[in-house]
Amino acid sequence: VSHSARLLLVEDDRFLRRACAASLRQRGFEVVEAVDGEEALRLVRAERFALVLLDMLMPKVGGLDVLRALRAEEATVALPVLILSNSSREQDLAEARQLGIVGYFVKADLSLRALGDLVAERLEQVS
Amino acid sequence: MSERSAPADVLVVDDEPEIVAPLVEFLAQQGYRVHSADSVAATRQALDRHDFAIVFLDLMLGDGSGVDVLREAQGLADPPEFVMVTGHATLDSALAAMEAGAAGYVLKPVDFRRLTGLLDRVLERRKLAAENARLQSELTERLRESEALLGIARTLGETLDVREALRRICRELARVTGADSAAAYLYDAAQDLLQPYAAYRAPAEHLATLAATPLPLRSEGFFLPVWRAQQPVFSDDVTADTRFHHPLFRAIPHQSALLLPLILNGEVAGAFYLVWWKARRLFEERELTLLENVGRQVGILLRNARLFDEAERDRRRLRVLNEVSERLAALHDTAQILSLIVNEAVTLLGVEGAGVRLREGDELVVGAVTESAAPVMTRPRLRVGESLSGTVVATGEPVVVEDVTEDRRDDDEHRRAAAALGYHGFAAVPLRTADGVIGVLSVYARARRRLLPDEISLLTTFADQASLAVERSRLLQATQAREREATKLYTITAQLASDFGVDRVLDLVTAGVLELLGCDAASVYSFEAGLGGLRFRCGRNLDPRLTRDLVLRPGEGVAGLAFAERRPVWTRDRLHDSLTYSPATTRLVQTWAPRAFLAVPIVRRDEVFGVLVAYFAAPHDFTPDDVRLLSTLAVQGAIAVDNSILFEETRTQQVRLSQIFESTSDGIMLIDHAGRVAAANALAAELLQTGVRVGDTLQDILGTTPVSLAEAWPEVLREMRALPPTGWEGDVETPAPAARALHWVARPTLDAAGTRVGVTLTLQDVTRDREVSRMKSDFVSFVTHQLRTPLAGIKWLLELAAEDPSLPEEARGYVSDSREAAERLIKLVNELLDISRLESGRLTITPVSVDLGAMTREVLAELAGLIEAKGHTATCSGTGTVIADQQLLRQVVVNLMSNAVKYTPPGGTITVRIAPDGDTVAWSITDTGIGVPVAARARLFEKFYRADNVHTLETEGTGLGLYLVRLILDQFQGQVRYDSTEGGGSTFTVTLPMGGAVA
């Protein structure tokens, strides 16, 4: 299976970032890591990604702000975003869905295997 | 013709039929009964048979001359009028006819117009002649009578002295009839005799007989038609006439006599006896009629004379009575009235002395007495029925005594006193009013005589007037007394109403007692349950040192008895009654010595609050008025006490309510049905950021408040009467800078009777609550995130570790256990999060139709690994759709199924059945597990509860699973129940509303 697609992983927690990136790379994806929203936006504007894995609660610029910014710019208005959050605030979820996302998952409820399957599945859908 | 009612007969005499026929026809048309004749002979016959008014007569008839017939007819008693009818009028024949008495003549052929005029003249003449004749005869008759009556009338007109009048009438009668002597008698009803009153020319030898002997009219056979027929009786031979057989008539030898009755008011009131000593005298009918008229005339004159007499006397008495009456009317004092009455009675009746006794209960008390009667009316009190005066009052009948000194009915003292003063004649009449006999008026006369009926009648009239005056004076006094009382009572009541201290009220009541009853002292005792008796509360004119510690036992003394028996109690004189007094009262009495007490209970709300007592220093007869007054004061006092207590309570309550109203954390406005503010607290105005005054309309307030309630509240106002009991509510934000969140509730306001009187609007500042709520929500979110993040890290890193092929076998086991522990922790956090959301109601629930069978099978598949690991056999049968939130329902199914897997020892059987049950679907899971111990049943669905026996299986659990199941099912009308025996497996059944087809 070829997983050469470029993914942007936006995650402020270093343990999660490390585990997630490692697992996805093992699955053959190219993973670019961002530690917060600010960096994520900079990267998105600079490079091209097939999918963004976006955390919600982050310092400086939160996940929702990033999503809003993405949807506000023509270049990224259709960029697939998969929300990975440990927060499950309903209003956040509702807004995120309205802005356009390909999925919203609670990290603690998700195994890395399941995450890999999800990413592969979503990429297939959007391609 | 018009004046005649009956048709007159007329006769037409002519031998020429052509003359007769039109005349007959004309006269018949004029309304006459017409006869006709054609000869002298026929005319004579007709005149014999009928009385004709008019005869139309032909002068020349076949068998003779009409003038002859005319002449003959003049000899008739009532000759007709003749109208001569002639063909050839000659002066001679006409003159002859007129001379013979004809009324007129007509020429043939008859000119009917002329005839009409003639007829009228003839008839008028005939009528006048008849009238004249009648008047002539009447006049002659009247003249005769008038002459006789004039003589008598003149006689009577000259005097009203009956005796003199009768004497003169005797003279006139003798003159008219030519009698030798005459005598007049008047009827004496008492003795049923005709008493001699006057005589005219009675011979000296018969004077005693004729002028002095009563005539026994109806007795001894002397029963003449005089009596019954009221007609004169006469005889021209008295000695031979059996009707005059009475010795009286024999005693005076006379030839002729006439007895003429004297009629008065249709009855024989007397008679005249006319005597002819020698002459034989007979009377014609006409003469008798005249005499009868004279008799009647005399009767009238006699009556006038009597009436005049009576009137004269009555006028005199009336004048006196009127004077007395006027003077009585000016008097209002009973004593003065009585004094006037006794003095006037003496004057009016010409007696020596008079006195009045008035009734007081069963006794008669001297009310007034003339100085002259004072020594005889010595006893101040008589019993009703005692002595003569007492008898009058008892029977209501006057008593008349000829000589009181010899009357056995009278008491000795009275008789001796009367004898000493030389009083003999006595009369007493009752003083009557509508209510009965109120007293007696007595008079004393020196003369030994019975007072005449007239005098008694006068005395009675006098007594009646006196009674009226006394009654009026008493009424006036009573009215004045009541008026004074009412004024005082009003003053006291007004004072009581304006005073609200209990002790002040009672003090006013005692002051009122002194004023209204005129007693010497007054007090109030109030009942104190703790003391078991009445304690002196307050008083007037009582030494406080004596009363301060006084406690009266119920039933003891006047006050105690009034209290115990709830009725007024009094004693006229405490030294002479049979009541029991406490030693304390006795001490009080010895020091101050009031003699008469009157006590009435003060009843407040059907409980005897205390006793009100009035004291008199001297023995006192309490009247019903006294009792009534004191009772009224007690009632007023009770009301005032009640009012003052109520006032206190109300004031306290009001202050308390007002404090609560103002210190509550909510803004409150009471709006009446007119949409106006009935009450509002300060906070309401503060929250609405506008002025809120009682009387403002809600519209006014909505117009000035910056808070946007204009959508919700007008609706509340409109639906005020239809508002559900739970009311309406809503939230609103106040504008910046205050920026507060307000929660408002509108609920119906009910009065004490439960009737809606408006709406209560409550405003709650929920700004802080909202903040707290948001903070709590944020906190849960934050904590969840903070817990989940490291847990997810552990989980993922362990997953990576587990997948490392280089991991030693032993370490792989540790990693596996660590992963399981991490999963448990994550599950716990998730469950806590769910519970937090469900409990706070912040979870968005989306009920949809859910295919419960498919969901169960999915979960079963997910759990397949676990089931297999424990060697269970699990099956699912049936299907059904329900209304629920997909996500949450799944949690229920997972929790119940994983419980079954967990709490069933290895190799167990788990059966899930889904079946419709009415309008619900029953989902049940049966296991062969450890079951629920009896002790755990009540608490099985509690948070963090785990049954004791779960440890036997070394299973992990949070104690949140079943709690969550129940919490979720509550969200969409689901229920859960179970049936289990410890060690014998369990069946958990969930019922949910049936859903429609799943899309």
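List pairs: first residue in region B:774-785 and over 14 Å from B:Leu843 (Cα atoms) and within 11 Å of chain A (Cβ to nearest Cβ), second residue at pLDDT 75 or above and part of a helix (DSSP H, G or I) anywhere in the structure, Cβ distance under 6 angstrom, at least six positions apart or on different chains.
Every condition considered, the pairs that remain are B:Thr784/B:Leu833.
So B:Ile910 passes all but one of these: (1) assigned to a helix (DSSP H, G or I); (2) in contact with a His (Cβ under 7 Å, 6 or more places away or on another chain). Which condition number does it fail?
The number of the failed condition is (1).
When the residues of region B:810-856 are filtered to those that are outside any helix (DSSP H, G or I) and within 12 Å of another protein chain (Cβ to nearest Cβ), which remaining residue is modelled with the lowest pLDDT?
The selected residue is B:Arg842.
Any residue at all in region B:373-390 that's assigned to a helix (DSSP H, G or I), under 42 Å from the mean Cα position of the chain (by Cα) and either touching a residue at least 12 places away in the same chain (Cβ under 8 Å) or crowded, with 16+ Cβ neighbours inside 10 Å (or both)?
Yes; the residues of region B:373-390 include at least one that is assigned to a helix (DSSP H, G or I), under 42 Å from the mean Cα position of the chain (by Cα) and either touching a residue at least 12 places away in the same chain (Cβ under 8 Å) or crowded, with 16+ Cβ neighbours inside 10 Å (or both).
Can you find a residue in region B:887-897 that is within 14 Å of chain A (Cβ to nearest Cβ), within 30 Å of B:Asp948 (Cβ to Cβ) and in contact (Cβ under 8 Å) with a residue 40 or more places away in the chain?
Within region B:887-897 (the criterion being within 14 Å of chain A (Cβ to nearest Cβ), within 30 Å of B:Asp948 (Cβ to Cβ) and in contact (Cβ under 8 Å) with a residue 40 or more places away in the chain), the answer is yes, since at least one residue qualifies.
Within region B:395-426, how many residues are at negative phi and touching a residue at least 40 places away in the same chain (Cβ under 8 Å)?
12
Report yes if some residue within region B:573-582 is surrounded by fewer than 20 Cβ atoms within 10 Å (Cβ to Cβ), of a type in the set (Gly, Ala, Ser), farther than 13 Å from B:Ser526 by Cα and in contact with a Gly (Cβ under 9 Å, 6 or more places away or on another chain); otherwise report no.
Yes, region B:573-582 contains at least one residue that is surrounded by fewer than 20 Cβ atoms within 10 Å (Cβ to Cβ), of a type in the set (Gly, Ala, Ser), farther than 13 Å from B:Ser526 by Cα and in contact with a Gly (Cβ under 9 Å, 6 or more places away or on another chain).
Taking the condition within 26 Å of B:Glu99 (Cβ to Cβ) and either in contact with a Cys (Cβ under 7 Å, 6 or more places away or on another chain) or assigned to a strand (DSSP E or B) (or both), does B:Leu11 pass?
Answer is yes for this residue.
Residue by residue through region B:740-773, note down the ones that are hydrophobic (A, V, I, L, M, F, W, C) and either part of a helix (DSSP H, G or I) or within 14 Å of chain A (Cβ to nearest Cβ) (or both).
Within region B:740-773, just B:Val772 meets the criteria.
I'm checking my understanding of the structure. Among residues of region A:17-46 that are more than 18 Å from A:Val61 (Cβ to Cβ), within 14 Å of the chain's Cα centre (by Cα) and touching a residue at least 24 places away in the same chain (Cβ under 8 Å), which one is farthest from the other protein chains (Cβ to nearest Cβ)?
A:Glu30
Residues of region A:90-127 being farther than 15 Å from A:Leu54 by Cβ and surrounded by 20 or more Cβ atoms within 10 Å (Cβ to Cβ), which ones?
Passing the criteria: A:Ala108, A:Leu112.
Identify all residues within region B:697-731 that are within 51 Å of the chain's Cα centre (by Cα), in a loop (DSSP other than H, G, I, E, B) and either over 14 Å from B:Val759 (Cα atoms) or of a type outside the set (Ser, Thr, Tyr) (or both); write none if there are none.
B:Glu719, B:Leu723, B:Pro724, B:Pro725, B:Gly727 - these are the residues of region B:697-731 that are within 51 Å of the chain's Cα centre (by Cα), in a loop (DSSP other than H, G, I, E, B) and either over 14 Å from B:Val759 (Cα atoms) or of a type outside the set (Ser, Thr, Tyr) (or both).
Could you please find all residues in region B:799-809 being within 12 Å of chain A (Cβ to nearest Cβ), without any contact (Cβ under 8 Å) to a residue 12 or more places away in the chain and part of a helix (DSSP H, G or I)?
Scanning region B:799-809 gives a single hit, B:Leu800.
Please indicate, with yes or no, whether at least one residue in region B:483-506 is out of contact with any His (no Cβ under 9 Å at 6 or more places or on another chain), surrounded by 12 or more Cβ atoms within 10 Å (Cβ to Cβ) and assigned to a strand (DSSP E or B).
No - not one qualifying residue is present in region B:483-506.
Taking region B:232-250, which residues are modelled with pLDDT of 80 or more and of a type outside the set (Ser, Thr, Tyr)?
Within region B:232-250, B:Pro232, B:Val233, B:Phe234, B:Asp236, B:Asp237, B:Val238, B:Ala240, B:Asp241 qualify.
Name the strands (runs of 3 or more DSSP E) wholly inside region A:47-111 in which the number of residues that are touching a Leu at 6+ places or on another chain (Cβ under 6 Å) and either more than 12 Å from chain B (Cβ to nearest Cβ) or within 14 Å of A:Asp12 (Cβ to Cβ) (or both) is 3 or more.
Fully inside region A:47-111 and qualifying: A:51-54, A:81-85.
Given the criterion within 13 Å of B:Thr762 (Cβ to Cβ) and free of Cβ contacts under 8 Å to residues at least 40 places away in the same chain, identify the matching residue among B:Gly691, B:Gly727, B:Gly703.
None of the other options fit; the residue is B:Gly727.
Hey, could you check region B:121-139 for residues that are surrounded by 12 or more Cβ atoms within 10 Å (Cβ to Cβ) and among the charged types (D, E, K, R) and say which is nearest to the chain's Cα centre (by Cα)?
B:Lys127
Which members of region B:87-136 meet the condition of being within 19 Å of B:Val34 (Cα to Cα) and polar (S, T, N, Q)?
B:Thr116
Inside region B:695-711, can you point out the residues that are touching a Lys or Arg at 6+ places or on another chain (Cβ under 8 Å) and either among the polar types (S, T, N, Q) or within 18 Å of B:Ala741 (Cα to Cα) (or both)?
Hit for region B:695-711 is B:Thr697, nothing else.
Which members of region B:95-109 meet the condition of being under 23 Å from B:Leu27 (Cβ atoms) and crowded, with 17+ Cβ neighbours inside 10 Å?
B:Ala97, B:Ala100, B:Ala102, B:Ala103, B:Gly104, B:Tyr105, B:Val106
Does region A:1-30 hold any residues that are outside any helix (DSSP H, G or I) and more than 15 Å from A:Val81 (Cβ to Cβ), and which are they?
The answer is A:Val1, A:Ser2, A:His3, A:Ser4, A:Asp12, A:Asp13, A:Arg27, A:Gly28, A:Phe29, A:Glu30.
Return the only residue of B:Ala179, B:Ala183, B:Ala199 being modelled with pLDDT of 85 or more, crowded, with 19+ Cβ neighbours inside 10 Å and in a loop (DSSP other than H, G, I, E, B).
Answer to the selection: B:Ala179.
Could you tell me whether any residue of region B:788-795 is away from chain A (no Cβ under 14 Å) and either without any contact (Cβ under 8 Å) to a residue 24 or more places away in the chain or assigned to a helix (DSSP H, G or I) (or both)?
no
Would you call B:Ile914 more than 23 Å from B:Gly959 (Cβ to Cβ) and within 14 Å of chain A (Cβ to nearest Cβ)?
Judged against the criteria, B:Ile914 is not a match.
The values are calculated or read from the model by the stated rules, or taken from the named source; none is laboratory data. Since the structure is predicted, the reported quantities are computational estimates derived from the model, not experimental observations. With ideal geometry, Cβ positions are generated from the backbone for all residues, glycine too; neighbour counts draw on all protein chains shown.
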